[in-house]
Structures are given as structure tokens and as C-alpha cells.
Amino acid sequence: MTDQAPVAYTGPARVLSGVQPSGALHLGNYLGALVKFTRLQHEIDTFIFVADLHAITVWQDPAALAQQTREIAAAYIASGLDPDKATIFPQSAVREHAELSWIFNCVARLGWLDRMTQFKEKSGKHKERSSVGLYTYPVLQAADILVYKATHVPVGEDQKQHLELTRDIAGKFNHDFNAPGFFPIPDPLIQGPGARVMSLRDGSAKMSKSDPSDYSRINLTDTADDIAAKVKKARTDPEPLPETIEELATRAEADNLVGIFAALAGKTKAEVLAEYAGKGFGTFKPALAELAVESLAPVGERMRGLLGDPAVLDAILAKGAEKAREAAAPTLAEVKKLVGFWGA
Ligand code: TRP
């Protein structure tokens, strides 16, 4: 066999991403994912789903799962995703994800999956008791992306390795089934380090839904009073804010709060410092609290409104799922033909 250079994909640009319905969303998800999705929908054809198939790789209460899915969808829309612009849907409502995932299970190599660090972290010491789904999780993720022939995938730094696996699967499929350029080799759109939101209690840990302290994070459903209280209680140091980014970088908590301010205000950290250098947290925190309440309280309010009328939300998801199926079905039909299945 001769090794030929891979043929470039020539289809249209398309964005795809998803969030698992396995816990409440917080400021980190909002700035790192939701705001980004909202911006992209104006530039590229955008598909954003709720990753409920991924969620069940660890136990989910069946009585709660559908509502958790609605909550993520409500957060998407409350953050500005427009169902008339972006395609918003639950993953499990589009069976093509699972079907393509099986075929990809037969393309991906055990050695590739054995290298996945997230599986190692999540399975911990008792790998043999993890679900098989947790192990093949990144293969399903590749199917999510490639069933829509998505070219750009906005994700956090922690998903970079899964994106590399997706690229490997796309390349091997194109090669093995003699279909040059059939699947795109998608590019991750990784958030810059500045967009990483850290815990309000510990500037060296990521803001996380699993942190036992609720004061470590601002949840999207927090009330205005909660948001203000959490900002005011955030851990800081006694020094006033510095003049330069370099000095700020040595003070994790101060850096985090300035970063949050900058992201919410649509400014750079340098611009925030230009305004607040020399001022103490007694001045900065109330300003940040006001800005955070102003930006986030309406998101929570809209979420509660949407969740108060599940019929409307469910209709949006049903319509999104239909649009998603229309996009996914032709890819799967072509894949089945390439693989050589009967009747394809
Ligand atoms: N694994 C992603 C996360 O935990 C969620 C996800 C599933 C995803 N499928 C995807 C993200 C496809 C981007 C594209 O964040």
C-alpha cells in the first residue's frame, strides 16, 4: 500500500459541542462554554446538545435525568443560544450518535483508549468496576462530532485528548474505507487560560460542581443575593490590586477575580487593572459583585422562567432533535454504504 497525503475535507464549517446533564452549571461553565457557544452561533452553523448518553456512563437517577437535561437546555437558551439559529437537542433523541459510535468502536484501537487520562482519573483504583461505557466514552464523543461532520469543537482544555482521538478516528476511517476527505479532521477551539475560572475559595483549583463548599462557585441558578454574598466572601489577600499582569499572576485569588471581572465586562485584565490598580478589595469586590449580579441574575431568572414552562422547552428540544436527525441521517447512510452493510 502506498501512503498518500490525506485529502482535505471540503464541506462547510460547522460547530458542535455539548455539556453533560450531570450537575448544576456554574460561572466556569457559563464563561468557558455557554457564552462561547452563543458567540459562535452568529458566525457558523452551530449544533449544541445535552450529552445525556455520556451522563449515564456513571449512575444517574432515572427519575431525575430528564429534568437535568431540561436544565442544561434552559441554561443554553438563558445564556443567549437562539433555537432559531443554533440546533439545540438531547443526544439520546438522535439515534445516529449511538449507531455511529458502534462503528467507531471497531475503528478505534484499544491502545488509543488505554492512553485516555480522563478514564484513568474517573475510574480511579477500581477500573474493573467502571462501566464499559466510561471506557468507550471518547468514541461516542467522536461520533457526536463526526455524525454532523463538524469542523470546529469548542471545549475546555480537559477535552483536548478526546479531540485528538476524534481526529485519529476520522483519519483512520477515511483511510480504511478508502474515502479520502469523507470526515473532516475537526479542530478544537480551546478556551484560553485567561478564561479559566477558579474556585472562589482556592485560586489554584478549578471552579467545580463537585467542590463541597457552595461558596467556591457561583451557580447559574443562584439568586442576586447569593451571587453578591459569594463574591464578597471570596478569598483574597490583603494587598491592593497591582499595576501589571505580571504582578497579578503571582496572586492566584486576585488574578481569578480580575479575570472574572474582565470576562464579564468584555475587557482585558490589563484594562481592569488600569481602572483598579492601587485599590483594595474593599473597593474591587463590591464592583465585581454588582457586575456579576447584573450579568448572571438575569440568566438565572430566564432559566427559572423556561423551567417553569416545560412544555415550551420540550417543544424546542423536539424540534432541535428533528433538525439534528436531518443532518445526521445522511452521514450515517453514507457510512453504512462505505462499511458495506446489507441494504445500505
Ligand atoms: N466530554 C464533554 C465534556 O465532558 C462533553 C461532550 C460529549 C462533548 N460529547 C461531546 C463536547 C462532543 C464536545 C463535542 O465536557
Within straight-line cross-link reach of Lys336, lysines at Cα separation under 25 Å, skipping those fewer than 8 residues along the same chain | Lys149, Lys172, Lys323
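Give the relative contact order (percent, whole number) for the range 214-305; include only Cα pairs under 8 Å separated by 6+ residues.
Details: 98 pairs, mean separation 38.1, N = 92.
Reported relative contact order: 41 percent.
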Approximate spin-label separation Ala179-Cys106, in nm, with each point projected 7 Å along Cα-to-Cβ | 1.3 nm
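Quick one: net charge around Ala292, please, counting Lys, Arg +1 and Asp, Glu -1 for every other residue with C-beta under 11 Å from its C-beta. Write out the running numbers ahead of the final one.
Details: positive: Lys230, Lys232, Lys285; negative: Asp222, Asp226, Glu290, Glu294.
Around Ala292, the surrounding residues sum to -1.
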Among Lys206/Lys233; Lys85/Lys232; Lys209/Lys232, which pairs are too far apart, with a Cα-Cα distance over 28 Å?
-> Lys85/Lys232
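What FRET efficiency do you get for Val58 and Asp202 if R0 is 22 Å and r is their Cβ-Cβ distance, rounded to the nearest 0.05?
Working: r = 25 Å, r/R0 = 1.13.
According to the calculation, E is roughly 0.35.
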Between Lys127 and Leu113, what is the spin-label point distance in nm, taking each point 7 Å from the Cα along the Cα→C-beta axis?
-> 1.2 nm
Amide proton proximity set for Gly203, modelled H, under 5 Å, gap of 5+ | Glu253
Considering only the chain, what is the antiparallel percent among its DSSP beta bridges, to the nearest 5?
-> 10 percent
Would you please give the residues with an amide H less than 5 Å from that of Met198, counting only those at least 5 places away or on a separate chain, with H modeled from the backbone geometry?
-> Met207
What's the FRET efficiency of Glu290 with Ala13 using the Cβ-Cβ distance as r and R₀ = 22 Å, to the nearest 0.05?
-> 0.05
In the chain, whole DSSP H helices that both stretch 15 Å or further along their axis by alpha carbon positions and average at least 0.5 on the Kyte-Doolittle scale are 132-146, 252-265
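Taking GluC sites (Glu not before Pro) that fall in a DSSP loop and have at most 15 other Cβ atoms within 10 Å as cut points, what is the longest piece of the chain between them?
44-242
Label the range 1-97 by shape, choosing from rounded, prolate and oblate, from the square roots a ≥ b ≥ c of the eigenvalues of the Cα gyration tensor; if a/c is under 1.5 it is rounded, and otherwise prolate applies when a/b is larger than b/c, oblate when it is not. It would help to have the intermediate numbers written out before the result.
Numbers: a/c = 2.29, a/b = 1.44, b/c = 1.59.
It comes out oblate by the Cα gyration axes.
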Calculated from DSSP H runs of 4 or more alone, at -39500 (n - 2.57) each and per residue, what is the 222 nm mean residue ellipticity of the chain, nearest 500?
-> -16000 deg cm²/dmol
Estimated FRET transfer efficiency when R0 is 22 angstrom, pair Thr223-Ala66 (beta carbons, to 0.05) | 0.30
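Can you order the peptides 175-182, 224-231 by their average number of other Cβ atoms within 10 Å per residue, highest first? Don't jump to the answer; show the numbers that get you there.
Numbers: 175-182: 14.2, 224-231: 18.0.
Order by mean packing, descending: 224-231, 175-182.
Just so you know, all these numbers are worked out from the coordinates, no wet-lab data involved. Quick caveat: nothing in here was measured; it's all calculated off a predicted structure. Heads up, the Cβs are rebuilt from the backbone with ideal geometry, glycines too, and the neighbour counts pull from every protein chain shown.
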